[in-house]
1. Somewhere in segment 72-90, is a residue in a loop (DSSP other than H, G, I, E, B), open to solvent by 50 Å² or more (accessible area, probe 1.4 Å), without any contact (Cβ under 8 Å) to a residue 40 or more places away in the chain and of a type outside the set (D, E, K, R)?
2. Name the residues in segment 91-120 that are at pLDDT below 95 and open to solvent by 40 Å² or more (accessible area, probe 1.4 Å), would you?
3. Cβ-Cβ under 6 Å, sequence separation 6+ or interchain: first residue in segment 19-44 and open to solvent by 50 Å² or more (accessible area, probe 1.4 Å), partner assigned to a helix (DSSP H, G or I). Which pairs?
Amino acid sequence: MDSKIKVAGYVKLAKLWEKRRQAAMPYHNQYYAEKYANSDRFELAGVYVDITGNKHICSRPEMMRLLKDCRDGKIDCIATQTKGYLAADTREFCYLFKLLREFNGGIHLVTEDEDYNIDTMQNAENQLQELVRMAEKYISFNPGDFDRWKSKIMEGIQ
């Protein structure tokens with residue numbers, strides 16, 4: 001029997017949630033625990049919650065811990081309620097997506113966005129390939145910038 005897909009829940013909350021951390025943390029842990037509790041396909045490997053005003057990935061401690069766990073083979077898929085939690089802008093989304101594809105044969109993304117959700121596992125309409133193409137095209141405009149960004153991330157997850 002094949003092993004289950006190790007999924008991690010990721011949430012990025014604004015700094016104003018810091019005062020309500022005591023309520024926010026259990027809520028998000030419970031949300032993902034319930035979401036994957038009876039799944040035949042997924043096993044919840046962890047929940048990562050950043051409460052910060054920092055929009056850049058390298059400045060978010062839980063995102064960095066998540067990336068380290070992805071690199072180390074502890075995570076196969078990142079689930080998040082919205083793609084906005086992953087990256088603040090197109091640049092970082094493309095860079096993050098490219099980096100995740102380099103880890104352990106590729107880390108999948110699943111979002112719950114109402115209008116346009118990402119699900120690279122189901123790969124409806126070749127979404128995975130289109131996102132790969134988009135990220136590679138974006139990076140091709142300034143590959144040195146991606147290399148510097150990646151170096152900073154990799155240094156931060158050592």
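1. Within segment 72-90 (the criterion being in a loop (DSSP other than H, G, I, E, B), open to solvent by 50 Å² or more (accessible area, probe 1.4 Å), without any contact (Cβ under 8 Å) to a residue 40 or more places away in the chain and of a type outside the set (D, E, K, R)), the answer is yes, since at least one residue qualifies.
2. The answer is N104, G105, E112, E114, D115, Y116, N117.
3. Note: pairs meeting the criteria are L44/Y32; L44/Y36.
The values are calculated or read from the model by the stated rules, or taken from the named source; none is laboratory data. As the structure is a prediction and not an experimental result, all values here were calculated from the model. When we count neighbours, we look across all protein chains shown, and the Cβ atoms used for this are built from the backbone with ideal geometry, even at glycine. Ligands, DNA and RNA are stripped out before the accessible areas are found, and what is left, the full protein with its side chains, is counted by its heavy atoms. Shrake-Rupley method; radii C 1.70, N 1.55, O 1.52, S 1.80 Å.
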